[in-house]
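Heads up: the structure comes next, in structure tokens.
Read the figures in this text as sums done on the coordinates, not as results from a lab. Quick caveat: nothing in here was measured; it's all calculated off a predicted structure. FYI the Cβ positions are ideal-geometry reconstructions off the backbone, even for glycines, and counts take in every protein chain you see.
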Amino acid sequence: MRAAASAAMAHPELRQSPLLGYAALFLGIAMLPAFGAYPIFVMKVLCYALFACAFNLLIGFTGLLSFGHAAFLGTAAYCAGHALKVWGWPTPLGLAFGAAAAAAAGLVFGWLAIRRSGIYFAMVTLALSQMLYFVFLQSPFTGGEDGLQSVPRGDFLGLPLANDLTLYYVVLAIFIAAFWLIYRTVHSPFGQVLTSIRENEARATSLGYDVDRFKLVAFVLSAGLAGLAGATKTLVLGFATLTDALWTTSGLVILMTLVGGMGTMVGPIVGALVIIALENKIGDVGRTLAEWTDIAWFNSLGESVTLVTGLIFIACVLAFRRGVVGELSYRWRRRAERRAPGR
């Protein structure tokens, strides 16, 4: 371990390799439409990936488990959609308004929930999220059970977003900017304090840090980024529904983060891809299996998404307890340590 760390310090290019990997990843995503990928599907994955990255900032790097993060996704989705459709705001301003509304909700949620810890913190966030859900259900501006429909895309800094490909690269740019913000936060002194709070809150307190204030700032930042994901999703799909604020969506983002790898930068992206791909493509897979095997049951596989995701979650818990990316990273580090000089 010490030898590997010394090698990394001696060669600055090794410390830059993660950034090169992220650049390669984003370049690959940018090239997906050229290889026939459906832009709307990839944009939906990017929106949920940002949602999962925002949640991972809270649970993976701060150690706070929130059961109510869907409230911020839904708040931003409705606020951005209303600003764009009813008030006629420019698209960038509408997205910013949605993210700001989610951050404001996060400030209220965090101020109330930070006073508790562990399962009590999680249950307070769940209760507050459900209260906000029923507010959306009864509020006229949300459209109730029908949702907020026909949200216009408008223009983004002079770029017409009616074209799916143009919107694709705008959404990718938003995701990269948010990912960079999360990366800089995690690798800043502030992020190091958050990590110390996650590892040993009592020791962080004894060192003189105002733990509650750091937790609150992390919670608000996570809520704002989750709101940006919700606002962007409304722009992509053209509607916002009650599902965006439902407790099952909070469970979905937890599943994405755990499957991909909690506490990793890329893990939530992988988890979002796996879960969203299952939700959208499992019906096609079932029909294909039914044709190959002549087993009619596979035709109903598309109605059993929760069963399949549950089985995948169980498999990850048993075989990949650190998540897909977390487990691969752990094994790669172990292999590098064995090969390090002096071992």
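Remark: C53, C316, C47 ranked as C316, C47, C53, counting other beta-carbon atoms within 10 Å and listing the fewest first. The mean sequence separation of alpha-carbon pairs under 8 Å and at least six residues apart, normalised by the residue count of the chain, gives a relative contact order of 28 percent.
Region 207-262: which trypsin sites (Lys or Arg not before Pro) are DSSP loop and have at most 14 other beta-carbon atoms within 10 angstrom? Answer in residue order: no site qualifies. Less than 14 Å from a label point 7 Å out along the Cα-to-Cβ axis of R116: which backbone N atoms in region 33-72 qualify, by residue? Answer for this model: 65-68.
Over the Cα atoms of the chain, compute the convex hull volume and normalise it per residue, giving Å³.
Per residue, the Cα convex hull of the chain comes to 170 Å³.
Which of the three applies to region 102-155, rounded, prolate or oblate, going by the alpha-carbon gyration tensor with a ≥ b ≥ c and a/c under 1.5 meaning rounded? It comes out prolate by the Cα gyration axes.
What is the order of F55, F156, F134, F175, fewest Cβ neighbours within 10 Å to most?
Details: F55 29, F156 20, F134 11, F175 23.
Going from least to most buried by this count: F134, F156, F175, F55.
Listed from fewest to most Cβ neighbours within 10 Å, the set L46, L25, L255 follows the order L25, L255, L46.
Can you compute the FRET efficiency between R339 and L165 using 1/(1 + (r/R0)^6), with r the Cβ-Cβ distance and R0 = 45 Å? Round to the nearest 0.05. Could you put the intermediate results ahead of the total?
Numbers: r = 44 Å, r/R0 = 0.98.
E(calc), rounded to 0.05, equals 0.55.
Basic side chains Lys and Arg get +1 at the Cβ, acidic Asp and Glu get -1 at the Cβ, and with that the dipole of the chain about its Cα centre reaches some 1420 debye.
With R₀ fixed at 25 Å, the C-beta to C-beta distance from D155 to L278 puts the FRET efficiency at about 0.15.
Among the lysines of the chain, pairs that are 8 or more positions apart or on different chains and have alpha carbons within less than 26 Å of each other number 5.
Of the residues V220, S139, S196, the one whose Cα sits farthest towards the positive end of the charge dipole of the chain is S196 (charges of +1 on Lys and Arg Cβ, -1 on Asp and Glu Cβ, taken about the Cα centre).
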